[in-house]
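Trainee: The structure that follows is given in the form of structure tokens.
The values are calculated or read from the model by the stated rules, or taken from the named source; none is laboratory data. This is a predicted model, so every value here is computed, not measured. Note that each Cβ is placed from the backbone with ideal geometry, even for glycine, and that neighbours are counted across all protein chains shown. SASA here: full protein model, heavy atoms, side chains in, ligands and nucleic acids out. Shrake-Rupley method; radii C 1.70, N 1.55, O 1.52, S 1.80 Å.
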Amino acid sequence: MPATQKPMRYGHTEGHTDVCFDDSGSCIVTCGSDGDVRIWEDLDDDDPKSINVGEKAYSCALKNGKLVTAVSNNTIQVHTFPEGVPDGILTRFTTNANHVVFNGDGTKIAAGSSDFLVKIVDVMDCSQQKTFRGHDAPVLSLSFDPKDIFLASSSCDGSVKVWQISDQTCPISWPLLQKCNDVVNAKSICRLAWQPKSGKLLAVPVEKSVKLYKRETWSNQFDLSDDLISQTLNIVTWSPCGQYLAAGSINGLIIIWNVETKNCIERVKHEKGYAICGLSWHPTCGQIAYTDAEGNLGLLENVCDPSGKMSNSKGIVNDEEDDDDLMLASGRPRQRSHILEDDENSVDVTMLKIGSSLFKEEEDDQGGSIHNLPVVTSQRPFYDGPMPTPRQKPFQSGSTPLHLTHRFMVWNSIGIIRCYNDEQDNAIDVEFHDTSIHHATHLLNTFNYTVADLSHEAVLLACESTDELASKLHCLHLSSWDSSKEWIVDMPPNEDIEAICLGQGWAAAATSSLLLRLFTIGGVQKEVFSLPGPIVSMAGHGEQLVIVYHRGTGFDGDQCLGVQLLELGKKKKQILHGDPLPLTRKSYLVWVGFSAEGTPCYVDSEGIVRMLNRGLGHTWTPVCNTREHCKGKSDHYWVVGIHENPQQLRCIPCKGSRFPPTLPRPAVAVLSFKLPYCQTATEKGQMEEQYWRSVIFHNHLDYLAKNGYEYEESAKNQATKEQQELLLKMLALSCKLEREFRCVELAGLMTQNAVNLAIKYASRSRRLILAQRLGELAVEKAAELAATQAEEEEEEDFRKKLNVGYSNTSTEWSQPRLRNQVEEDTEDNGEADNTEENTEIHKHGQNPFFKSADSSDMPALKSGAVTSSSQGRINPFKVSGNSREPAISVSSGRSTNILDTMNKSSKKSTALNRATDNEKSPVIKPLIPKPKPKQASAASFFQKRTSQADRTEEVKEENPKNSSSETPAVCPQNTENQRPKTGFQMWLEENRSNILSDNPDFSDEADIIKEGMVRFKVLSSEERKAWAAKAKGGTASDGAEEKKRKRVVDESQETENQEEKMKNLNLPKKQKPLDLSTNQKLSAFAFKQE
């Protein structure tokens, strides 16, 4: 017989009402917003027993003579049943509890509250509690797994989570529901339920269908739906046998399905159409008690008989209609509804999963009751592979969820935008961290803006489209100098703005049509281009725009994201072309933006902060794990900004949630960065991490320099100093550990100056082989620098030739000429401690850079002064330093480092060495030219290098006290028709045949020049001085004789040094202090004079 619907009766005052049966099914128990629990013997009971439990009762549960209620005073209370005697308080929350349920044997209860917490409490010992944190909004409902392994919960944050009770972890979470900020505003209370006995299926009411998820795999097996369902489903409950499922909707419809056949067997409509908020199946017979949101109680009888056979349904007339209805319930209509209603949050695999295998496991539990039912199965194979991951929705970095009434629309390094949307106000507040930029602003949120961004120049807002209004982009241009400071652009129909960002002079908006629209800050539409996939988030900084989008579908909890990085300056270019964005396993993106210095960074839900490493081919390097700083599992850090200098991660600690509340105002914490290097507990691991962190966090300086931005030279100097100090410490540590090969590897990362200190350290540590290897490395580095210099000169010569016929005024290309004019350095008489002539490599042919300087107008030049050889030429550089400091290299491309200001004199003490380390490094700045005497000599490129780092092997033991010999300034004459040769060029011409005979494989002029440079640098200072004098026009014969004489001395001395060194290597290990010649040789390795 068909199910009968009894007339409803008044139960409680208007409001949410809950219902359940006692263990035997002899009475019905209800609770309501009047704070009473009523015990009904049946629906016709005119005098039910009433127990007052509080001001309001939100939920009740009954088992084993214990009546548990969730009451408005934020407690879970226990009363005896049926006496109604208070039996204590099980637990408390900070706000009201919304739902309470018993487990299968009645030993534990679970309660969910509006303070986002879920608790499981032992009924007999309330001190035994477990708290589950992870929801970001009030908890709506709970359901215990019949086997007491899992607990399911739904929340206003839109998620349905399954918790493992034993270790309080969350193995799966589905974003299924519509988000809201409180239970009263929830479209559905989503009362979910596990299948009795086996617990193989979890039923979740979602929109107009019921989704069933399989235990353990958590895959969506199938959906149950019906054409009559026109409003959202509110609640589901299973029959005790687990064969049938009943659901109630917010418009009063109750639907009952046979779960195996997916056939709708009953459709009952509430007589007044009120929302069904309570639904309970009788424990033994086919009765269903239900309550509505107005406090009424109703009863359905004869739903199915105790044997499990379903009753004849009003809606099913014959077998043919049955088949059609089955297809309607389980086939395409449900799938279409699913796609339309929830396409972003879950993936329907209904057609893959429908099959008899799902229920074969349940036949043993349910006896033979299902064998007399028609079974409709699919021949499709059962799919048990990796499941697609729901795509994360678009978000604005630095914002809190949209469903909150008070939320942050954006919090960044410029300021904060808050949104208030409650009964009193719908407004937006804009606040700047630095009030000198702009005063705080209060805006009315008439268009219901949902996303925002903030920069020094503007406030950018956007809203979604409605039935009447198009999606709008609204900009408040704060830096506009005219009176019109606002502009609004409407999007085309059916196109919604999903993400926005601001840069320097531009704004961008990504839309649902997979388009990215660029605007000027004044409102002019610029380029429009297509996105490769749905937008996730984007950010801007200066001329840079970073875009993160879905490049595909991820599986097994992983997101599949791509990233594009564009530069929108005068020369527009794309840096990252849709590369995959690395994320931690089973995580999603929570923040993307730029550091204050302009390096792209992002954070995932596991707290890993990654930064773009421009020095390693634009790869992403993890630089911090915020989870390491969290005290509790449910604590998080909400990132608001990143700084590279100083190294700071600015974020807000959130206890028990992922985002902060607007009130009270959150406090910003500063976390340090740490790269995930191995063995950071050891000294070696610490220094390696510090070194590479310093390298990564100072890559932005090279980027700024390359793109013509201003930056602090001192920051780069300090960074280089730190890095070289760390390398030297690591080398010393490796030296102590007898890791000499590792020492050479470390030296390969060092600058010239640091290599020479390493050589000195090795020689003093009496590690001769290491010192020799490091010496070879130093020579290689010098040769590489020489080759680089020669290439740059060729390029400069070419550029100069291109400029023939144009004016000789200082231009962009003519400024670097200085380094080509630098020939030899000279030091002041009586003050300089060392003399060192450094020559420059020149190609054959005229040098177009030397213009008009007469040999008669060439006074001696003090070391450290940098001048131009042309009388009217502008000097674009100035070196700040005294006569003992070397001239800075203009073309090296690197700033001075830790060792640039170290002493060269063998007479100075270590204390002086320490003092000079603290001197300020030279700074290069363009200056207005000052009047200079006519001169054409300056400190050469190698003057700084060779006087401190590339020191040639000069033998000074013969006359150790005569170390400050005079060196006259030498500079070739410059006339219109010829350019005199330098000393090195003259030497090279005479010795070219020797070089070619020693190296017959040399065919390139650059190789000959390299070898010549190495050999010329090994000459004594007197010989080089003689060659320079010869080039200047001095007595060639005298110079030649002196050269020959010095060469004989030098060769004999080198032979003697070699012999003594070989002897020294053959000495026993207990050799006492090294003899003079060995020390002399090691000093030569170090390019330092002891």
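Trainee: Relative to the compact globular guide of 2.2 N^0.38 Å, what is the alpha carbon radius of gyration of segment 493-643, as a ratio?
Mentor: Here the answer is 1.07, to two decimals.
Trainee: Which number comes out as Rg/Rh for segment 399-439 once both Rg and the Kirkwood Rh are worked out on C-alpha atoms?
Mentor: Rg/Rh for segment 399-439 comes to 1.04.
Trainee: Using alpha carbons only, what's the Rg to Rh ratio of segment 650-690 with Rh from Kirkwood?
Mentor: 1.25
Trainee: Based on the mean of other beta carbon atoms within 10 Å per residue, what is the order of 556-564, 45-53, most packed first?
Mentor: The peptides rank, most packed first, as 556-564, 45-53.
Trainee: Residues with amide H under 5 Å of A458's amide H, sequence separation 5 or more or different chain, H placed in the peptide plane at 1.01 Å from N; which?
Mentor: Excluding prolines and chain starts, which carry no amide H, the hits are L478.
Trainee: If you don't mind, there's one more thing I want to ask. Take the Cα of E423, step 7 Å along the line toward its Cβ, and report every residue of segment 133-176 whose backbone nitrogen sits under 20 Å from that point.
Mentor: Residues 138 fall inside that zone.
Trainee: Kirkwood Rh over Cα pairs of segment 154-283 into Stokes-Einstein at 37 °C, 0.692 mPa s: D in µm²/s?
Mentor: This corresponds to a translational diffusion coefficient of 218 µm²/s.
Trainee: Please report, as a whole percent, how much of the solvent-accessible surface of segment 482-601 comes from carbon and sulfur atoms (probe radius 1.4 Å). Show your work: numbers first, answer last.
Mentor: Numbers: 2510 of 4940 Å².
Accessible surface attributable to carbon and sulfur in segment 482-601 totals 51 percent.
Trainee: Would you mind getting me the FRET efficiency between V1014 and R742? Use the beta-carbon distance for r and R0 = 30 Å, nearest 0.05.
Mentor: Once the sixth-power term is evaluated, E becomes 0.65.
Trainee: A follow-up question, please. Counting only the heavy atoms of the protein chains, how much of F222 is accessible to a 1.4 Å probe, in Å² to the nearest 10?
Mentor: Approximately 0 Å² of F222 is accessible to the 1.4 Å probe.
Trainee: I've got another one for you. How large, in percent, is the carbon and sulfur part of the accessible surface of segment 124-266 at a probe radius of 1.4 Å?
Mentor: Its accessible area is 47 percent carbon and sulfur atoms.
Trainee: Enumerate the calculated ³J(HN,Hα) couplings along segment 231-238 in order (Karplus 6.51 cos²θ - 1.76 cosθ + 1.60, θ = phi - 60°), each rounded to whole Hz, writing x wherever the residue is Gly or Pro.
Mentor: Along segment 231-238, the couplings run 10, 4, 7, 10, 7, 10, 8, 9 Hz.
Trainee: Each label point is 7 Å from the Cα along the Cα-to-Cβ direction; what then is the distance between the points at W218 and C285, in nm?
Mentor: Simple spin-label model gives 4.2 nm for this pair.
Trainee: Ratio of segment 65-166's C-alpha Rg to 2.2 N^0.38 Å, to two decimals?
Mentor: Against the compact-globule rule of thumb, the ratio is 1.01.
Trainee: Now for a separate question. Ordered by residue, what ³J(HN,Hα) values in Hz, to whole numbers, does segment 759-765 give under the Karplus form 6.51 cos²θ - 1.76 cosθ + 1.60, where θ = phi - 60° and Gly and Pro are x?
Mentor: So the Karplus estimates, Gly and Pro as x, are 4, 4, 4, 5, 5, 6, 7 Hz.
Trainee: Starting from the residue with the highest accessible area, list K161, K56 in decreasing order, probe 1.4 Å.
Mentor: The ranking, largest first, comes out as K56, K161.
Trainee: Something else: Roll a 1.4 Å probe over the protein chains and send me the accessible area per residue for segment 411-522 in Å².
Mentor: On the way: 5130 Å² over 112 residues.
That works out to 46 Å² per residue.
Trainee: According to a simple spin-label model (label point 7 Å from Cα along Cα-to-Cβ), what is the distance in nm between T94 and S484?
Mentor: Once both label points are built, they end up 4.9 nm from each other.
Trainee: Here is a follow-up. Which percent of Cα-Cα pairs in segment 110-151 sits in each 10 Å bin, short to long?
Mentor: Pair shares across the bins are 28, 54, 18, 0.
Trainee: Take N64 and H456, extend 7 Å from each Cα along the Cα→Cβ direction, and tell me the distance between the two endpoints in nm.
Mentor: The two pseudo-label positions are separated by 6.7 nm.
Trainee: Could you run the Karplus curve 6.51 cos²θ - 1.76 cosθ + 1.60 with θ = phi - 60° over segment 1014-1028 and give me ³J(HN,Hα) per residue in whole Hz, x for Gly and Pro?
Mentor: Along segment 1014-1028, the couplings run 4, 5, 5, 6, 7, 5, 6, 5, 5, 5, 5, 5, 5, 5, 5 Hz.
Trainee: As an exercise, use a Förster radius of 45 Å and the Cβ-Cβ distance of E784 and K655 to find the FRET efficiency, rounded to the nearest 0.05. Write down the numbers at each step before the final one.
Mentor: Numbers: r = 55 Å, r/R0 = 1.23.
The formula returns an efficiency of 0.20 here.
Trainee: Follow-up question, since we're still on this one. Using a Förster distance of 60 Å, how high is the FRET efficiency between Q231 and E792, based on the Cβ-Cβ distance and rounded to 0.05?
Mentor: After rounding, the FRET efficiency stands at 0.20.
Trainee: List the extent of the Cα atoms of segment 685-797 along each of their three principal axes, largest first, rounded to whole Å.
Mentor: 46, 37, 18
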